[in-house]
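FYI, it's all coordinate maths here, none of it is from the lab. None of these values were measured; they are calculated from a predicted model. Because the Cβ atoms are built from the backbone with ideal geometry, glycine has one as well, and the counts that use them run over all protein chains shown.
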Amino acid sequence: MNKKKQTVVKIVRGVADEEPYEEEFEVPYESGASILDALTWIRSHKDSSVAFRYSCVNANACKECMIVVDGKVTYACTARLNENGVTVGPLKNKRLIRDLVTDIVPPKERLFSIDQT
Ligand code: FES
């Protein structure tokens with residue numbers, strides 16, 4: 001029987017103001033698969049609580065999937081998985097929301113709350 005190749009995705013997880021931790025997930029490896037493919041697989045098959053953001057799914061149009069992959073800022077939908085495993089984490093220069101989700105809204109585009117007291 002032909003055993004499918006596996007690789008490891010290590011995710012730096014956590015929430016703002018708490019010490020981050022790393023969690024490893026073994027995922028199926030296919031040549032050409034993206035980091036986003038691996039993250040969606042992890043969320044579907046291993047841990048539905050892993051937080052990451054994406055919208056356009058591999059079209060590289062929404063720019064919402066930006067994360068750090070092996071120390072480099074890149075898009076999860078265009079970065080490729082590799083056989084030796086990868087480490088992914090949140091953007092370091094943005095406010096962390098949870099796991100790989102950071103506050104990427106430019107300050108000028110933020111809505112301000114209206115105090116209705
Ligand atoms: S998912 Fe839209 S740019 Fe990556």
- Message: For a Förster distance of 35 Å, can you work out the FRET efficiency between the beta-carbons of Asp103 and Lys3, rounded to the nearest 0.05?
- Response: 0.25
- Just in the range 1-53: which GluC sites (Glu not before Pro) are loop by DSSP and have at most 11 other Cβ atoms within 10 Å? Glu18
- Listed here are the pairs Lys3/Lys63; Lys46/Lys92; Lys10/Lys108; Lys46/Lys72; which of them are more than 30 Å apart at the Cα? Lys3/Lys63; Lys10/Lys108
- Query: So which cysteines in the chain don't have a second cysteine's C-beta under 4.7 Å from them?
  - Reply: Cys65, Cys77
- Would you look at the GNM of the chain, springs on alpha carbons closer than 10 Å, and say which of Ile67, Ile97, Ile35 moves the most? Ile97
- Overall dimensions of the chain as given by Cα atoms, namely Rg and Dmax in Å: 15.8, 68
